[in-house]
Amino acid sequence: MGKDRRIVGGPFATWTGQGIGLCLDPENPNRPNATITLDLPDFTAPTQPQLHDTLAALLALPEAPIYIGCKAGIGRTGTFIAALAKLAGHAGPIAWTRHHYLSTAVETDAQAASIAALDPGAVWSAYRARTNTTPPPVALYYYPDNASTFPHMLLRELGIPFELRLVDRKQNAQRSPDYLRLNPNGTIPVLVDDDLVLSETAAIALHLLDRHPECGLAPPLGTPERARFYQWMIHLTNTPQPEILIRAYPDRHVTDPVAVPDVKATALRRIDTIFARIDVALGQGPYLLGDRFSAADLFLAMLTGWTAKHPNPATALPNVGAHFRLVMARPAVQATLSAEGLTN
Ligand SMILES: N[C@@H](CCC(=O)N[C@@H](CS)C(=O)NCC(=O)O)C(=O)O
């Protein structure tokens with residue numbers, strides 16, 4: 001969420017009126033004093049639009065401690081605390097809530113399912129609509145399953161408006177005069193943001209993160225965590241990504257076609273070594289920065305996916321594989337794959 005917020009939960013009847021009070025119980029005697037209300041009958045789960053609107057309303061209020069409550073402060077309250085934990089990028093938001101708030105929090109399967117389905121991008125989009133801060137759409141030049149997939153996932157995680165423009169590689173459109181005017185390197189992606197025309201996947205991601213710090217998809221500027229985030233972004237863009245491209249276009253690296261199999265084989269060897277080291281560095285993670293999800297995780301997941309057809313796919317590594325499955329389950333990532341026609 002960009003910044004730390006103090007969150008307290010409990011029966012709404014015990015809210016003292018300090019800070020922001022979110023009442024989730026239609027019958028509560030203290031409901032008339034609440035700052036925000038969402039009338040959820042006991043044991044029920046919020047719908048996704050209810051979650052988006054209520055969280056956006058909370059985030060749009062001036063910063064203050066938040067008190068969330070229902071009747072007993074367990075199921076409905078736990079669901080909203082877990083939703084905020086998911087927005088803050090915590091791995092396993094329900095487990096996090098049970099650890100940090102109440103071991104019995106989030107009572108029903110439907111409540112747990114509403115957290116699993118929650119798309120942070122949809123909350124940020126609702127937040128911007130509510131605060132009149134929706135930016136004009138940016139345009140992403142893309143081709144399915146190319147390096148554009150990472151910024152595409154990021155745009156959906158950020159919940160900002162965007163337009164996809166296909167660069168039809170089947171027609172060699174990346175070499176067309178129009179595209180070369182945008183990116184003389186003839187590579188995909190390109191982002192157009194008002195007058196800015198930007199290439200290089202990592203630069204596009206860093207620019208989008210600078211424009212939307214509220215989403216917390218990179219740690220705060222000037223912190224050791226931010227430095228570690230840069231380390232991963234630069235490593236991913238200058239080490240595994242180019243090696244995978246050498247494996248994909250080996251003919252560009254030889255004068256004699258006889259050498260192509262050797263170029264491929266040595267690239268594969270280096271890719272295996274690189275991912276084995278990432279697997280060790282990731283450890284139990286589950287994310288590159290530990291418990292907190294960041295944009296670098298989207299980058300790694302895209303690169304991991306690219307190795308799926310290699311003899312040693314990185315998805316078979318214990319930590320990288322678990323990371324890949326965790327990131328792939330995110331609603332914004334699923335929406336990206338579906339928009340690019342990459343789901344089975
Ligand atoms: N470093 C560049 C590399 C981008 C890149 O090589 N993209 C590939 C697709 S994954 C591409 O455009 N290939 C077309 C070509 O090289 O002709 C970036 O990250 O943006």
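We did not get these values from a lab; they are worked out from the coordinates using the rules stated. Bear in mind the structure is a predicted one, so any value in this text is a computation, not a measurement. Note that we place each Cβ from the backbone using ideal geometry, even for glycine, and neighbour counts take in every protein chain shown.
So if R0 is 45 Å, what FRET efficiency would R252 and T16 give, r being the distance between their Cβ atoms, rounded to the nearest 0.05? Walk me through the numbers on the way to the answer.
Details: r = 67 Å, r/R0 = 1.50.
For R0 = 45 Å, the calculated efficiency reads 0.10.
How long is the gain from T131 to A322 if the chain were fully straight, where each residue apart is worth 0.36 nm and the alpha carbon distance is subtracted?
On the way: separation 191, 0.36 × 191 = 68.76 nm, distance 3.71 nm.
Full extension from T131 to A322 adds 65.1 nm.
Quick one: length gained pulling A259 to L166 fully straight, 0.36 nm per residue minus the C-alpha distance? It would help to have the intermediate numbers written out before the result.
On the way: separation 93, 0.36 × 93 = 33.48 nm, distance 3.34 nm.
Extending this stretch completely gives an extra 30.1 nm.
Which whole-Hz couplings ³J(HN,Hα) result when phi for each residue of region 315-329 is put into the Karplus expression 6.51 cos²θ - 1.76 cosθ + 1.60, θ = phi - 60°, listed in order with x for Gly and Pro?
In residue order, the calculated couplings are 5, 7, 6, x, 7, 5, x, 5, 4, 4, 5, 5, 6, 4, 6 Hz.
Which of A332, A314, A227 moves the most in a Gaussian network model of the chain with Cα springs under 10 Å?
Maximum among the listed residues: A227.
How large is log10 of I(q)/I(0) for region 73-144 at q = 0.15, 0.16, 0.23, 0.27 Å⁻¹ when the intensity is taken from the Debye formula with one equal scatterer per alpha-carbon?
Taken in order of the listed q values, log10 I(q)/I(0) reads -0.59, -0.64, -0.94, -1.13.
Taking neighbour counts of Cβ atoms within 10 Å as a proxy for exposure, in what order, fewest first, do V260, V167, V8 appear? Show your work: numbers first, answer last.
Values: V260 14, V167 25, V8 18.
Going from sparsest to densest Cβ surroundings: V260, V8, V167.
Can you give me the long-range amide H partners of G73? Hydrogens built in the peptide plane at 1.01 Å from N, cutoff under 5 Å, separation of 5 or more residues or another chain.
Result for G73 returns F12.
Let's test the formula: R0 of 30 Å, r as the Cβ-Cβ distance of T47 and S176. What FRET efficiency results, to the nearest 0.05?
0.10
May I ask you to derive the relative contact order of the chain, considering only C-alpha pairs under 8 Å and at least 6 residues apart, and to give it as an integer percent? Spell out each step's value before the answer.
Details: 564 pairs, mean separation 50.0, N = 344.
Reported as a whole number, the value is 15 percent.
Could you tell me the distance between the Cα centroids of region 124-192 and region 282-312, to the nearest Å?
Cα centroid of region 124-192 versus Cα centroid of region 282-312: 22 Å apart.
Go ahead and set up a Gaussian network model of the chain, Cα springs under 10 Å, then flag whichever of P286, P93, P250 fluctuates most.
Evaluated over the chain, the most mobile residue of the options is P250.
In deg cm²/dmol and to the nearest 500, what is the mean residue ellipticity at 222 nm of the chain if only DSSP H runs of at least 4 residues count, each as -39500 (n - 2.57), divided by the residue total? If you can, show how the numbers build up before the last one.
Numbers: 14 runs with 161 residues, N = 344.
That calculation yields -14500 deg cm²/dmol at 222 nm.
Select from Q171, Q241, Q111 the residue whose mean-square fluctuation is largest in a Gaussian network model of the chain (Cα-Cα springs shorter than 10 Å).
Q171
Beyond 25 Å, what percent of the Cα pairs of the chain remain?
Numbers: 33354 of 58996 pairs.
More than 25 Å apart: 57 percent of the Cα pairs in the chain.
Using only the alpha carbons of region 6-132, what is the convex hull's orientation-averaged projected area in square nanometres? Please report the intermediate quantities before stating the final value.
Working: hull surface 27.4 nm².
So the mean shadow area of the Cα hull is 6.9 nm².
Using only the Cα atoms of region 96-182, what semi-axes does the equivalent ellipsoid have when each is the square root of 5 times a gyration tensor eigenvalue? Give whole Å, largest first.
Details: eigenvalues 298, 58, 17 Å².
So the three semi-axes of region 96-182 are 39, 17, 9 Å.
Calculate how large, on average over all directions, the projected area of the Cα convex hull of region 263-314 is; give the answer in nm² to one decimal. Working shown, then result.
Working: hull surface 14.3 nm².
Approximately 3.6 nm², given one-decimal rounding.
What share of Cα pairs, in percent, lie more than 15 angstrom apart in region 47-90? Let's see the in-between values first.
Working: 436 of 946 pairs.
So the portion of pairs separated by more than 15 Å is 46 percent.
Mind computing the radius of gyration and Dmax over the alpha-carbon atoms of region 216-316? Å is fine for both.
Rg then Dmax for region 216-316, in Å: 15.4, 50.
Around I204, under 13 Å between beta carbons, what's the net of Lys plus Arg minus Asp minus Glu among the other residues? Write out the running numbers ahead of the final one.
Details: positive: R211; negative: D193, E200, D210.
That works out to -2.
Angle between the Cα long axis of helix 48-60 and the longest principal axis of the chain, 0 to 90 degrees, nearest 10?
Value to nearest ten degrees: 80.
Compactness ratio of region 97-253: Cα Rg over 2.2 N^0.38 Å, N = residue count? Don't jump to the answer; show the numbers that get you there.
On the way: Rg = 19.0 Å, N = 157, 2.2 N^0.38 = 15.0 Å.
Region 97-253 yields a ratio of 1.26.
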